[in-house]
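Here the structure comes first, spelled out in structure tokens, and everything after it is commentary.
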């Protein structure tokens, strides 16, 4: 019984750790013809403002519902903008442990490193909304004539 318990403790303490890959290595693989799936693990609002060209949005809060739509036969390159890539690493671990994905890498330095390396980004600048002009209030015109009914 002790051996089984020790084996369970050991198995649960060894967590999946996705390897990290540099932006240059990702670009090189893409240039070489490999189809990679770039996965943005940030919030949908952050993705809508700016993301790596060609990336799909898969925020942590919808991972449970949407993970099955990702291909298992292609390498998934997960990224975020958090220090140490924690969001992307967590998503990779869940994809591996809960859905059996094995072709997983995390973009070293995240989206910031990609942008700084000069690779293509999609940036949405919000369209300025016109400010509502106040409706002028009609000013009554004073007359010297008495009102007639």
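Quick notes on this one:
- Between segment 84-115 and segment 23-67, the Cα center-to-center distance that results, in Å: 10 Å
- Of the residues 35, 81, 41, the one with the fewest other Cβ atoms within 10 Å heads the list, and the complete ranking is 35, 81, 41.
- Burial ordering of 51, 86, 124, 96, fewest other beta-carbon atoms within 10 Å first: 124, 86, 96, 51
- Across segment 20-123, the mean sequence separation of Cα contacts (distance under 8 Å, 6 or more residues apart), normalised by length, yields a relative contact order of 34 percent.
- Dimensions of segment 20-123 from C-alpha coordinates, computed as largest minus smallest value along each principal axis and given longest first, are 34, 30, 22 Å.
- Ascending count of other beta-carbon atoms within 10 Å, so fewest first, for 101, 79: 101, 79
Only the coordinates and a few stated rules stand behind these numbers; no lab work does. Nothing here was measured: the structure is a model prediction, and the numbers come from that model. All Cβ positions, even for glycine, are placed from backbone atoms using ideal geometry, and neighbour counts span all protein chains on display.
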